[in-house]
Structures are given as structure tokens and as C-alpha cells.
Amino acid sequence: GENVEQHPSTLSVQEGDSAVIKCTYSDSASNYFPWYKQELGKRPQLIIDIRSNVGEKKDQRIAVTLNKTAKHFSLHITETQPEDSAVYFCAASWFGGADGLTFGKGTHLIIQP
Amino acid sequence: DSGVTQTPKHLITATGQRVTLRCSPRSGDLSVYWYQQSLDQGLQFLIQYYNGEERAKGNILERFSAQQFPDLHSELNLSSLELGDSALYFCASSSSGLRDYEQYFGPGTRLTVT
């Protein structure tokens, strides 16, 4: 089945700096890659997604890039703010028979004031 | 607020017991997905229902089962509970049964098995 690796597991950046979280996936048939933000004790919240026919997508301070050849995708957050502190999960949809999302292990993003 | 509701918020029960978790999808969404989140396993897909029918299975144990009712709400039944079943259980809904549509998560049910 699909396997999604996510790095780093913890990322600490100064407020105002940029943060980048990277994921790789194993199944070249995967075609949908969402990113979720989860605050402590809360639900995962979809923040941005990208489909395999697109190389980059941007929404204000958040952008996602996809490299299908290398099978990796990244989340970029610019001008980080304290409210960006959370755990971020990447995910991929797997064409192996299951329609659910396969998630990475998560990145704990810490914004230092 | 995603529009997906789950009850109860918290559940504490003993080993060997059976519990039922309930999920109501966003208005108009036909697909319901169930996920389990634990510290050691992360977020794992369990099962999907689309318009009342089982659509896909993930890492769901045989002791677990689910169904989706005509009004589209879904229930996840967990039986013969073990300590390792303690986790956060989320449902998510989507407007489509296709793999590349957005899934919106509910607030989750925290299950503690003692």
C-alpha cells in the first residue's frame, strides 16, 4: 500500500520566518495530496490540497508544491505567526483499493516569538 | 466548525466492552470516513461508506464494524475492547466518493479503555 514519510518531526522557527515541511510518497498512482493542521485536542483541519495535474498551489501565506517525478510534495508557510503553531499532517490518496487518506506522522511546528 | 458532528466527545469504558460512536456528515455529503488517531500509530484510515454502502476498508480490525444509515449518519461499533483501542476516533465527510475530494473532519470521540 501507500506509504507517506514526513520530515521533520519537529520544526522551530522565529516568528516572521518561513517554514517548510516535506513529504514523500511511495505509490506513483496517488493523485491527491492534502495538508491538515491539528491543534492540540482538536480536529484535523484541511488547509490546502493539490492534485497531481498541478505543480504548485498558493493560498495567501500557504503554498504547496508537488514533484511527481520525485514523488514528493512540500508545504511552505511564509511570514509565520504564533497561531501557526500546531501539528501539520500531509496525506496522499492511494489507488490500492482503499479510498481513505494515508497520513504522514506529522510535524510539530513551533513559532518562537 | 467543519459541519461534521460526532458524539459522544469522550467515552470511558472497560476492557471487553462494546461501544458505538456516532457521526453526522456535513449537509449534502454522501461519504463518511472513519479514522483512528493514536500516539504510536498516527492517523489511520479505518473504513469508508458512500450513500449507505461500504466503499473501502483500511486498517480496520475484525472487532470493529460500521454502517451508514438512510439519513447518512454513520456509526462505528467497537467490540471486545482492549487497552490498545484507546485513541481518538474521527469521522470525516466528503461530497463525493472519489478519492480526490476534500474530506472534512469532525471533532472526534476520545475513547479510553481501562
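The values are calculated or read from the model by the stated rules, or taken from the named source; none is laboratory data. In this text the structure is predicted, and so the values were computed from the model without any measurement. No Cβ is skipped: glycine too gets one built from the backbone with ideal geometry, and neighbour counts run over all protein chains shown.
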Check: Got at least one residue in the stretch B:92-109 being over 17 Å from A:GLY100 (Cα atoms) and either more than 12 Å from chain A (Cβ to nearest Cβ) or touching a helix residue (DSSP H, G or I) at 6+ places or on another chain (Cβ under 9 Å) (or both)?
Finding: no
Check: Does any residue of the stretch A:36-45 turn out to be surrounded by 17 or more Cβ atoms within 10 Å (Cβ to Cβ) and more than 10 Å from chain B (Cβ to nearest Cβ)?
Finding: yes
Notebook entry, point to check: Within the stretch A:49-65, can you find the residues that are at pLDDT below 95 and either among the polar types (S, T, N, Q) or in contact with a Phe, Trp or Tyr (Cβ under 7 Å, 6 or more places away or on another chain) (or both)?
Noted result: A:ASP49, A:ILE50, A:ARG51, A:SER52, A:ASN53
Checklist line | Only listed residue being within 26 Å of A:GLU5 (Cα to Cα) and out of contact with any strand residue (DSSP E or B) (no Cβ under 8 Å at 6 or more places or on another chain), chosen from B:LEU88, B:LEU61 | finding: B:LEU61
Check: If you check B:PHE90 against the conditions, is it at pLDDT 95 or above and of a type in the set (Phe, Trp, Tyr)?
Finding: yes
Item checked: Matching entry among B:ASP29, B:ASP1 (being at pLDDT below 95 and either away from chain A (no Cβ under 12 Å) or in contact with a His (Cβ under 8 Å, 6 or more places away or on another chain) (or both)) -> B:ASP29
Notebook entry, point to check: Among the residues of the stretch B:32-64 satisfying the criterion of being in a strand (DSSP E or B) and touching a helix residue (DSSP H, G or I) at 6+ places or on another chain (Cβ under 9 Å), which is surrounded by the fewest Cβ atoms within 10 Å (Cβ to Cβ)?
Noted result: B:SER38
Check: Taking A:LYS105 and the conditions (1) outside any loop (DSSP other than H, G, I, E, B); (2) under 15 Å from the mean Cα position of the chain (by Cα); (3) modelled with pLDDT of 95 or more, which numbered condition does it fall short on, given that it satisfies the others?
Finding: (1)
Check: Under the condition of being within 10 Å of chain B (Cβ to nearest Cβ), in contact with a Lys or Arg (Cβ under 9 Å, 6 or more places away or on another chain) and modelled with pLDDT under 90, which residue from the stretch A:1-35 is surrounded by the fewest Cβ atoms within 10 Å (Cβ to Cβ)?
Finding: A:ASN31
